[in-house]
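The values are calculated or read from the model by the stated rules, or taken from the named source; none is laboratory data. Computed from a predicted structure; not experimentally measured. Please note: Cβ atoms are built from the backbone with ideal geometry, for glycine as well, and neighbour counts cover all protein chains shown.
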Amino acid sequence: MLKKLDFISQKGIIDGGTTKPVIIEAINEKNEIGQYVVKIFTKKHERDNFSTSKEFISSFLASEFDLNTPEYFVINIKKEYVSTIFTEEQIEEREFGYHFCTKFIPGCLPYNLNAKNYFLKGYDYENIFSFDCLMLNNDRGGYRKKPNLLIKNQDFYLIDHELTLPFYSNPNGQRASYDVKTYFAQSRHFNMSTHIFYHFLKNKKNKNQLFHEFNLNLNQLNLSQIENLFKDFTKFNIRNDGTNGLCDYLLWCKSNNYVMNTLTKKII
């Protein structure tokens, strides 16, 4: 399921990213050489938050909701690959091995809420917003200079999803409980009003069938496909906490129509 790359060389760090994403040159399974962006999370991020697996999970689920993310891959990163761009302290903090990697798309700009655009449609706003509500993603706020939404020509790309699914974690080595009480508590504390598209949707005049497409995709979501993703996590030794917590949460959302009900109350 996960497509593998082989490292060739590093090209530098992307400015502005808290995780200091690295631009690399790599070769894919078709022997094609290209440039990619790899995120090398710290040991703490991987141990407590399962950051790499969350990136893969979110990118996979985004595709199930017909949302664009840069094409993603898995790649093995060793210390010596980045020894010239990270300090010794930064290298010591990071976990090496297989990581989340995406195709580098040059010429992209961060989405600017105040700038006019002529290609993001109303349903794009709805689908991005509702997807972030499903994933409990607080990292696409309108107050941010970098809302983790990239624009290029007629395309947009969702990026940076390591802060999604806050219940799916292992803080200080303490496994989170996966049950209805946990899901409800985490969902209730999710502050959707900070989202970059909240006020646009809140002020929308015609709200007939708002989030209809998202709800349809959620109801049709095939949870069995997620198992294949987790098989690759085992294959590549990517930290995770199994499928139960994730699949139980998605099933709970589907069975209780929770996200749609919440969006209806807060937006409509």
Report whether or not K54 is assigned to a helix (DSSP H, G or I) and at pLDDT 95 or above. yes
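Every residue in segment 102-114 that is farther than 18 Å from K204 by Cα and assigned to a loop (DSSP other than H, G, I, E, B), please. Spell out how you get there, then give the answer.
Initially, segment 102-114 is screened for residues farther than 18 Å from K204 by Cα, giving 102-112.
Listed by number, the residues that qualify are F104, I105, P106, G107, C108, Y111, N112.
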Could you list, in sequence order, the residues of segment 28-63 that are surrounded by fewer than 16 Cβ atoms within 10 Å (Cβ to Cβ) and either farther than 17 Å from H99 by Cβ or out of contact with any helix residue (DSSP H, G or I) (no Cβ under 8 Å at 6 or more places or on another chain) (or both)? E29, K30, N31, E32, I33, G34, Q35, S63
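Are any residues in segment 183-204 charged (D, E, K, R) and farther than 17 Å from R140 by Cβ, and if so, which ones? Reasoning before the result, please.
Taking segment 183-204 as the starting set, the residues that turn out to be charged (D, E, K, R) are 188, 202, 204.
Once the filter is applied, which keeps residues that are charged (D, E, K, R) and farther than 17 Å from R140 by Cβ, segment 183-204 yields R188, K204.
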Members of segment 221-256 found to be in a loop (DSSP other than H, G, I, E, B) and either out of contact with any strand residue (DSSP E or B) (no Cβ under 7 Å at 6 or more places or on another chain) or within 25 Å of I128 (Cβ to Cβ) (or both), listed by number: L221, N222, L223, R239, N240, D241, G242
Are any of the residues in segment 89-101 buried (at least 19 other Cβ atoms within 10 Å of the Cβ), in contact with a Phe, Trp or Tyr (Cβ under 9 Å, 6 or more places away or on another chain), assigned to a loop (DSSP other than H, G, I, E, B) and touching a residue at least 24 places away in the same chain (Cβ under 8 Å)? no
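Restricting attention to segment 1-32, report how many residues are of a type outside the set (A, V, I, L, M, F, W, C) and either within 21 Å of E46 (Cβ to Cβ) or in contact with an Asp or Glu (Cβ under 7 Å, 6 or more places away or on another chain) (or both).
Our first condition is that a residue be of a type outside the set (A, V, I, L, M, F, W, C); within segment 1-32, this holds for 3-4, 6, 9-12, 15-21, 25, 28-32.
If we keep only those that are either within 21 Å of E46 (Cβ to Cβ) or in contact with an Asp or Glu (Cβ under 7 Å, 6 or more places away or on another chain) (or both) too, we end up with 3-4, 9-11, 17-21.
Number satisfying all stated conditions: 10.
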Would you be able to tell me the number of residues in segment 1-25 that are in contact with a Phe, Trp or Tyr (Cβ under 6 Å, 6 or more places away or on another chain) and within 26 Å of Q225 (Cβ to Cβ)? 2
Qualifying residues in segment 242-268 (those that are surrounded by 13 or more Cβ atoms within 10 Å (Cβ to Cβ), closer than 16 Å to N215 by Cα and of a type in the set (S, T, Y)) - the one nearest to the chain's Cα centre (by Cα): Y249
Being outside any helix (DSSP H, G or I) and either touching a residue at least 60 places away in the same chain (Cβ under 8 Å) or farther than 17 Å from T18 by Cα (or both) is the filter here, so list the residues in segment 34-51 that pass it. G34, Q35, Y36, V37, V38, K39, F41, F50
